[in-house]
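Following: one structure in structure tokens, then a few remarks.
Rule-based calculations on the coordinates, nothing more; no lab input. Since we're looking at a predicted model, the values are computed, not measured. Here Cβ is always computed from backbone atoms with ideal geometry, including for glycine, and neighbour counts include all displayed protein chains.
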Amino acid sequence: MKAKHIISIIFALIIIVASIFAAIQYMPESDTIEEESIGDKDNESTSLGNLTFKEAVNALAFDLFNDLNKLYEGNLFISPYSIFTALAMCYEGAKGETADQMADVLAIEQDNASFHNYMKDLYELLNRKNNEYNISTANALWVKEDYRLLESYLNIIKTVYGGGATEVDFSDAQKAADIINQWVENNTNGLIKDLILPEYINIFTTLILTNAIYFKGMWKYQFDVANTTDRDFKKQSDETIKVPTMQLVNTENSFNYTETEDVQILELPYSGDDISMLILLPKDNDISNLIENIDDSKLSTWKDSMEEITLDIYLPKFKVESKYELKDHLNNLGMIIPFTSAADFSGMNGVKELYIAKVIHKAYIDVNEEGTEAAAATAVIMERFSIGSPEEIIFDCDHPFVYLIQHKQTGTILFMGSILDPTM
């Protein structure tokens, strides 16, 4: 009995020591607590398809990028984070079916404390001063003069998204656009200009929600400018062109890499190792097939299989500027009601009179030997479909117009014409 008792004590001591060792092994360093805590929140699932918050952003990224790829033939470039954040701020005020459709597309749920904490922590993390690279993001509401939004909604935007509300005189479209565009320029280091055009603003414009994001990072292993040469680049049409191509060859540097039967995946880290560029290179030059089939699960599988190896790298220098109106693409993903008079954003103002008129996204990226500079901005423009108080409306036929004569009861058009010159 004594021997058994001693063995039990020894066994218990072994378990205790192992537990302490495991705890020490997984104890976060003091300077990484903030980033690891957001990683923990990232692992929390939403109630919509058991997606994590990170997966929700990425799901929108792949779905939207795939839809854009079907329409645009040239280079594409977007900021999924910027688009997601601008729409999420809008979603905070959605109700009923409007909220349901936005929830399906964004894969998040309203009044979710975990999601709010995730977005708040991510906002603070992206705006934290860093000596290795520059990254920042900002959010703002631009509200029609004397138009009241609910304090509860404004509080969410302030505490979760770090955004404030500014009254704007939308009756002066040019001035209003200039004010918002200046804010966008200031928060993208001058890279995103003219996001809002004056013609986007009219007498029904009531609220514009904006997000801006900026990044500049140096490669951990920079390309030597002297090694950049013109090399062949084969387009999808099989046409071959010459492009300035950077090279990292015959080095001892290691990079995360993996491949499948169809694609090669390379990770290029930026200085600081917090941010990296993943390059997905289809082996058969069929980029459309890659875009159609990639999702966050597949990307995660690829990243998990990566190993550090030495390899020769050839990467074209490139610079892309893009601008997209996303309404049709979001419609294609299932977000329809928010863009119609059936929309319900009463969580913003207490009444059903707002709908989304436009979602504008503009992005810029420059990839060179030193590193990468990128910026993007998104604007959700909301209008009133029902005006609560009379406003002066001017109908001035001082330019060509179309006219018709109809049978009122049936709505049948009996005659139709246009006036280009009343003196003719």
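General observations
- Semi-axes of the equivalent ellipsoid of the range 62-163 are 24, 21, 15 Å, computed as sqrt(5λ) over the eigenvalues of the C-alpha gyration tensor in descending order.
- Each other residue within a Cβ distance under 12 Å of residue 350 adds +1 if Lys or Arg and -1 if Asp or Glu, for a net charge of 0.
- Listed by chain and number, the aspartates and glutamates whose alpha-carbon sits under 20 Å from that of residue 352, ignoring those within fewer than 8 places in the same chain, are 92, 97, 100, 111, 145, 146, 151, 344, 383, 391.
- Scanning residues 5 or more positions from residue 382 or on other chains, those with amide H under 5 Å from its amide H are 206, 207, 208, 209, 357, with H placed 1.01 Å from N in the peptide plane.
- When you count the other C-beta atoms within 10 angstrom of each residue and take the mean per peptide, 174-183, 372-381, 136-145 line up highest first as 372-381, 136-145, 174-183.
- Among 57-65, 332-340, the order from most to least packed when residues are scored by Cβ within 10 Å on average: 57-65, 332-340
- Backbone geometry of the range 340-353 corresponds, through the Karplus equation with coefficients 6.51, -1.76 and 1.60 at θ = phi - 60°, to 3J(HN,Hα) couplings of 10, 5, 8, 5, 10, 10, 5, x, 8, 10, x, 9, 8, 8 Hz, x marking Gly and Pro.
- Normalised by the number of residues in the range 204-314, the average gap of Cα pairs under 8 Å and 6 or more apart makes the relative contact order 28 percent.
- Under the convention that each Lys and Arg Cβ holds +1 and each Asp and Glu Cβ holds -1, the size of the dipole of the range 225-316 around its Cα centre is about 380 debye.
- The convex hull built on the alpha-carbon positions of the range 225-316 has an orientation-averaged projected area of 7.0 nm².
- In the structure shown, the pairs 70/220; 120/220; 298/327; 54/234; 283/319 are assessed against 32 Å; a Cα-Cα span above that value is assigned to 70/220; 54/234.
- Seen from residue 92, the other residues with C-beta closer than 15 Å to its C-beta sum to a net charge of -2, counting Lys and Arg as +1 and Asp and Glu as -1.
- Value of relative contact order over the range 168-260, rounded to a whole percent, pairs C-alpha under 8 Å and six or more apart: 19
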